[in-house]
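See below for the structure under consideration.
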Amino acid sequence: MKPSSIPVEELNYEQAAAELEEIVAALETNEGTLEETLDLFARGQALSSRCAALLEQAELRVRTLSGDDLSPSEI
């Protein structure tokens, strides 16, 4: 599997999560060269961070809409 050429920052949550699942499956097969594996791992790390950031943004938006002013660190 080759990592997508779409920049991680342009992916929505569903796209990033789906690609991350594909990368995890590809890494579990232990196929490919060391360089390909490292590229996939790096892309997976970036996708994981993107998903986490999008979830945090969604949580903050829900809190704002619901009038709950607690920060995520106070949960």
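Numbers below:
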read-out: P(r) weight above 13 Å for the range 8-74, C-alpha pairs, percent; value: 67 percent
read-out: Mean Cα-pair separation over length for the chain, i.e. relative contact order, pairs under 8 Å, 6 or more apart, %; value: 36 percent
read-out: Of 64, 37, 53, farthest towards positive along the dipole that unit charges on Lys, Arg, Asp, Glu beta carbons give the chain; value: 64
read-out: Point-charge dipole on Cβ atoms (K/R +1, D/E -1) for the chain, about Cα centre, debye to 20; value: 140 debye
read-out: Helix-only mean residue ellipticity at 222 nm for the chain, each DSSP H run of n ≥ 4 adding -39500 (n - 2.57), per residue, nearest 500; value: -23000 deg cm²/dmol
read-out: On Cα atoms only, tilt of 34-66 relative to the major axis of the chain in degrees; value: 10 degrees
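A short reminder: the numbers here are calculations on the coordinates, not readings from a lab. Every value quoted in this text rests on a predicted model; they were computed, and no experiment measured them. A quick note on method: Cβ atoms are made from the backbone with ideal geometry, for glycine too, and the neighbour counts reach across all protein chains shown.
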